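First up is the structure itself, then whatever we jot down about it.
Laboratory data are not the source of any read-out in this text; all were calculated from the coordinates shown. Small disclaimer: the values here were computed from a predicted structure and weren't measured. Neighbour counts run over all protein chains shown; Cβ positions are idealised from the backbone, glycine included.
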Amino acid sequence: MTPSQHMRTGAHTRLSIILRIAAALLGGYVFSWGFAALGVVVLSFAGMDFHDAEHAVMLLVFIVFLLAFLWAFIGRSLLRVWAVLAGGGAGMVAAAWVLQRSLLG
Amino acid sequence: MFPSFRHAMTWLHTWFGLSLGYVLMVCFFFGALSVFDREIDRWALPDTRFAAQPAPSYDTLLKPVFERLKPHPDDIKATQDRVIGALPDPDTLPMDALYYYRTHRDPVLRIGAEFGIPNKLKSASDEHAHAHGWATIDPRTGAVLSESQFKIGSEFFYPMHYSLNWQWKNIGYWIVALAALSMLVALISGVVMHRKIFREFFTFRPWKTAQRSSLDLHNMAGVAGLPFHFFFAITGLVIFAGWLYFPVSTTLLKPLHDHHEVLEAAHTGLAHEPAGVPAPMASVDAMVLEAKRRWAARDMPGDVGFLYVNHLGDRNGYVSIFRAGNDQVALTGQGVHFEASSGRVIREDPPPSAVMRVNEFLTGLHLQHFRHWLLRWLYVLGGLLGCVCIATGFIFFVEKRKAQHARISSQGSRIVDALAVTAVTGMVIAALTMLVSNRLFPADMVGKDYWQKVVFWGGWALAFVHAALRSAPVAHARINPAWREQCWVLVALAVAAVMLNWLTTGDHLLKTVFTDTYWPVAGVDLSLLASAVLAVAVARLLARRERAQCRAGSDARQPGVLATAEAGHA
């Protein structure tokens, strides 16, 4: 990248970096939340003890967060990164809620 | 955005490492000190310098102590914020549950209790309708240690490494979590950045430029400590995950959790709710004897580690007795549960499930309450290796840029360097000022705990001011003399702490090592002296380098050095 190109893309790059950081932290957190919630419900559904399910998921959730975090910086399309992390996380939370109701219902 | 995967990883490593490295220094340094938190407590509280004690008798010694225990004013204040209407007089609240926890390193005993409150809670999701009380006692006499007998190791350095002692909205925990996640990111991106990682591991060129040798040391510490650092960062996160970071079972999945609690209570026979019918309490000492008999019968004799009485004074009351984990990684285990009113065994815990065993192993290995002194020292070395890795990362960042920053009159590396001084020598100085003030303030001083904290934060703030005031040479690509000067402050404080310990308690090293051996205090004193020796060596080395820089004059601004600087790191 030549200096003049760098000047032109500077503001754009800064915004895209901020959006990447936000995706990594917030998107990654929402995704991990969804994973944790859905993981506990699915494992309970499969017959595992609730606390076992909770602990199993908590052992894995930060690995998931770490991978989501890294992917937010290397995923080609920023839009897809946001869609998968935030959308996927929200989707898993919703799925956990529905599955919980059917489990208790 | 980034031209390649490696560029993305390098960017992450540099900027997340730099911005959260300061927090990581705190986590690793105070984490390393926490390995010997109880020993630091002994140093700071001369009244408690006696041998670790077995679990005391409940019936004769603890019972009257618990009867006098009241909710803690701090907790009453916090509880008041969570409830509707004014709380009744704290002294009238009934005790619903009580516990104690002890390890093989504790002369004193930490006890606590939960008190029922009649008020409704503001938040529907908040089901913990209790106020808490706690105290530390001398288990030989039952005497309660006063609040100002502040345990610097376990009540300040230890929580520092996971909460920064910043309790407001648990914000300290969140910052530490972000730092721990950044540590994981930095380890992975660090491996990606250095393709020739194996060769770099064996490369150390202390005779080369500060930039080269700091990078060598950074790589060596990073690679050698990689499994250790990864393990501690991630298990540290896991320990608080279910409670704070991902509290699924108290929020979204609360219905499922509560449903399970009821089923579990029915399964284990340990009542989830009180019956509302008063009942007397049978001999707890007899229950402890029975628990010990059962442990011995399973070929794992031991003492009580955790004792918990729930639904105190109620017909549904039960006593849970867990074996101390001196000889196992899990903190406690092999629980035996008794009906409080009769002393009848309700249940003996089966061996934990595979998941629980993995969880107990990983978190237990982090918390290390078991007895293994060699491993304990290796933990300290591992923690300090983490500090070396982070600190050399700062120095490399500065060394790589300072010549260029000098040329374009940027203050960037100067600021980073002043913060690095604060986070390295400044942090040690803060800890040492606390120890010195602990020996200087009289034992019965009102608010001694508060003033020791003031000295700690004040000492640290002064170290920052000093580092900033002395930072001008960095803007001309030279060394900040604050590094060297703070090394000398560190030496003076460390030696002063050892001398003051001798003067105020009579416990000098000849006594604590040879004539009346007491390793907790001797170990702290010896570590202080070792730190002082190391700091003298570093200060002298820095003085030599500063003199060399002065002689070389403006060499640092010449293009040759800059070219090396830029070629040094991709």
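Note on A:36-43: average number of Cβ atoms from other chains within 10 Å of each residue's Cβ is 4.
In the calculated pair-distance distribution of chain B, the portion above 31 angstrom amounts to 56 percent of the Cα-Cα pairs. Between rounded, prolate and oblate, where does segment B:289-361 land on the alpha carbon gyration tensor, with a ≥ b ≥ c its root eigenvalues, rounded for a/c under 1.5, else prolate if a/b exceeds b/c? Prolate, since a/c reaches 1.5 and a/b exceeds b/c. Taking the charge dipole of the protein assembly as shown about its Cα centre, with +1 at Lys and Arg Cβ atoms and -1 at Asp and Glu Cβ atoms, the residue from B:Ile234, B:Ala443, B:Thr48 reaching farthest to the positive side is B:Ile234. Pairs of Cα atoms nearer than 8 Å and 6+ residues apart set the relative contact order; for chain B it is 16 percent. Extension gain for A:Val42-A:Ala94 works out to 17.4 nm (0.36 nm per residue, less the C-alpha to C-alpha distance). Shown here for segment B:73-134: trypsin sites (Lys or Arg not before Pro) in loop regions (DSSP other than H, G, I, E, B) with at most 11 other Cβ atoms within 10 Å, namely B:Lys120, B:Lys122. Evaluated on segment B:7-58, the Kirkwood hydrodynamic radius is 14.5 Å, with distances taken between all distinct Cα atoms. Segment B:361-440 gives an Rg/Rh value of 1.17, both radii derived from C-alpha positions and Rh following Kirkwood. Considering only alpha-carbon pairs that sit under 8 angstrom and 6 or more positions apart, the relative contact order computed for segment B:224-328 is 21 percent.
Counting, for every residue in B:234-240, the Cβ atoms of other protein chains within 10 Å of its Cβ and taking the mean gives 3.
This model, with +1 at the C-beta of Lys and Arg and -1 at the C-beta of Asp and Glu, gives chain B a dipole about its Cα centre of some 2920 debye. Reducing segment B:302-366 and segment B:7-66 to their Cα centroids gives an inter-centroid distance of 24 Å.
Loop-resident chymotrypsin sites (Phe, Trp or Tyr not before Pro) (DSSP state other than H, G, I, E or B) in segment B:2-94 with no more than 16 further Cβ atoms inside 10 Å of their Cβ: B:Phe50.
The loop-placed trypsin sites (Lys or Arg not before Pro) in segment B:147-228, going by DSSP, that have at most 11 neighbouring Cβ atoms within 10 Å of their Cβ come out as B:Arg195, B:Lys196. With neighbour counts taken as other beta-carbon atoms within 10 Å, the residues B:Tyr101, B:Tyr245 rank, fewest first, as B:Tyr101, B:Tyr245.
Volume per residue for chain A equals 84 cubic angstrom (convex hull of Cα atoms).
Hydrophobic, long helices, defined as DSSP H runs whose alpha-carbon span along the helix axis is 20 Å or greater and whose mean Kyte-Doolittle value is at least 0.0, occur in chain A at A:28-45, A:50-74, A:88-104. For segment A:3-104, relative contact order (Cα pairs under 8 Å, six or more residues apart, normalised by length) works out to 43 percent. Across all directions, the average flat footprint of the convex hull enclosing the Cα atoms of segment B:35-148 is 8.4 nm². Report the paramagnetic label zone for B:Val380: residues of segment B:156-182 whose backbone N is under 16 Å from a point 7 Å from Cα along the Cα-to-Cβ axis. Hits in segment B:156-182 for B:Val380 at 16 Å: B:157-158. Between B:Ala548 and B:Thr141, the simple label model (points 7 Å from Cα in the Cβ direction) yields a spacing of 5.9 nm.
With neighbour counts taken as other beta-carbon atoms within 10 Å, the residues B:Glu273, B:Glu155 rank, fewest first, as B:Glu273, B:Glu155.
The spacing between segment B:383-455 and segment B:218-261, judged by their C-alpha centroids, is 28 Å. A simple charge model with +1 on the Cβ of Lys and Arg, -1 on the Cβ of Asp and Glu and nothing else charged puts the dipole of segment B:1-107 at about 460 debye relative to its Cα centre. Note on the protein assembly as shown: with charges restricted to the Cβ of Lys and Arg (+1) and Asp and Glu (-1), its dipole about the Cα centre is near 3520 debye. Answer rounded, prolate or oblate for the protein assembly as shown, using the Cα gyration tensor with square roots of eigenvalues a ≥ b ≥ c: rounded when a/c is under 1.5, else prolate when a/b is larger than b/c, else oblate. It is oblate, given that a/c is not under 1.5 and a/b is not larger than b/c.
Classification of segment B:411-570 by its C-alpha gyration tensor yields a prolate form. The axis ratio a/c (a ≥ b ≥ c) is 1.5 or more, and a/b outweighs b/c. Residue exposure proxy: B:Leu312, B:Leu503, B:Leu61, ordered by other Cβ atoms within 10 angstrom of their Cβ from fewest to most, comes out as B:Leu503, B:Leu61, B:Leu312. Kindly point out which whole DSSP H helices in chain B project their C-alpha atoms 27 angstrom or further along the helix axis while averaging a Kyte-Doolittle hydropathy of 0.0 or above. Span-like helices, by this rule, are B:5-34, B:171-193, B:373-407, B:448-469, B:482-505, B:519-552.
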